1. In what order, largest first, do 39, 174 sit by accessible area if the probe radius is 1.4 Å?
2. Please list 11, 236 from largest to smallest accessible area, probe radius 1.4 Å, with all protein chains kept in place.
3. Count neighbours as other Cβ atoms within 10 Å of each site's Cβ, and list the GluC sites (Glu not before Pro) in segment 56-134 that are DSSP loop with at most 15 such neighbours.
4. Any idea which of 129, 53, 239 is furthest toward the positive side of the dipole for the chain, if Lys and Arg beta-carbons carry +1 and Asp and Glu beta-carbons -1?
5. Mind checking which aspartates and glutamates have their C-alpha under 14 Å from residue 238, skipping anything on the same chain fewer than 8 residues away?
6. What net charge do the residues around residue 101 carry, taking every other residue with its C-beta under 14 Å from that of residue 101, with Lys and Arg at +1 and Asp and Glu at -1?
7. Taking only protein heavy atoms and a 1.4 Å probe, what accessible area per residue, in Å², does segment 66-192 have with all protein chains in place?
8. With a 1.4 Å probe and every protein chain left in place, tell me how much accessible area residue 224 has, in Å² to the nearest 10.
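The values are calculated or read from the model by the stated rules, or taken from the named source; none is laboratory data. The shown structure was predicted, so the numbers you read here are calculated from the model rather than taken from an experiment. Cβ: placed from backbone, ideal geometry, glycine included. Neighbour counts: every protein chain shown. In case anyone asks, the SASA skips ligands and DNA or RNA and just uses the protein heavy atoms, side chains included. Shrake-Rupley method; radii C 1.70, N 1.55, O 1.52, S 1.80 Å.
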Amino acid sequence: MKTRIHFAPNYFYNPTHPITIALIGVGGTGSLMLARLARIDYALQQIGHPGLHVMAYDSDRVEANNVGRQLYTLSDLGEYKVVNAVSKVNTAFGLQWEGIPMNALPDGEDIRANIIITCVDNARFRTQLARSLEFPHKGSEYRTLFYWLDIGNSRDKGQFVLGTLFDEERKMEREDFEMVDKLKNIIDFFPDLDAHDTPNLQGEGCAYSDKLNEQSLFINDVLVAHASDCLFRLLYHKQIQKHGAFVNLESGKVNSINV
């Protein structure tokens, strides 16, 4: 059987500007992902790549039960999460990334980036976003949509899925591998995702102890590590053989999703 490989779109091979990323949500997963994106940006620039430009969206403020579980401290209480998190990254790495203290619109009108990364606990937002992405926007290269990376989790389990939003005519006949252009997104895998918007799965407690009972302390870290590695491989090597994974901390298993 031939090895299946997905190759990045043509533009990614010689970008004329930083790859633009819309990061939606900077809570338990998104705040960690933001820090990883800064590391990816720095690594790419060391090889002459223009790097990344991130626009992060979140309307929430830092609360006491976020400290320790998310990338915030006691001194951050009351501040907008996205402004606080992006300011830290900008200061540490000398960047000019944007922290927008509002929620991204689920119809996608305000999302104009090469890669969308959703780190939200709202399944309905994902389904609405998926509908708006059926006919992705095309325009200036820095505003053209190419990928949607979604990361989601429950208590001890979670998944990340990188789906394609572009359609290029590419033909490559090789005997040693099979070229795969289209990658399924999270809605392709879970058409009934709205059913996951329940207190049993999303949690409803407010106290710190409630949050620990509802969600493992490190499920977000594990998912972000795998998702950011997948993204880095795509941007650095311009090809991937896996475009997602299902993670179960309780069993210690990671089941990859082949392209």
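1. Details: 39 145, 174 105 Å².
Correct descending sequence by accessible area is 39, 174.
2. On the way: 11 25, 236 95 Å².
Highest to lowest solvent-accessible surface, that is 236, 11.
3. Working: sites: 63, 79, 98, 109, 134; in loops: 63, 79, 109, 134.
Here the GluC sites (Glu not before Pro) that fit, given the DSSP loop and packing criteria, are 63, 79, 109, 134.
4. It is 239.
5. 181, 229
6. On the way: positive: 61, 81; negative: 58, 60, 76, 79, 98, 110.
Neighbourhood net charge equals -4.
7. On the way: 6760 Å² over 127 residues.
Value for segment 66-192: 53 Å² per residue.
8. For residue 224, solvent-accessible area is about 0 Å².
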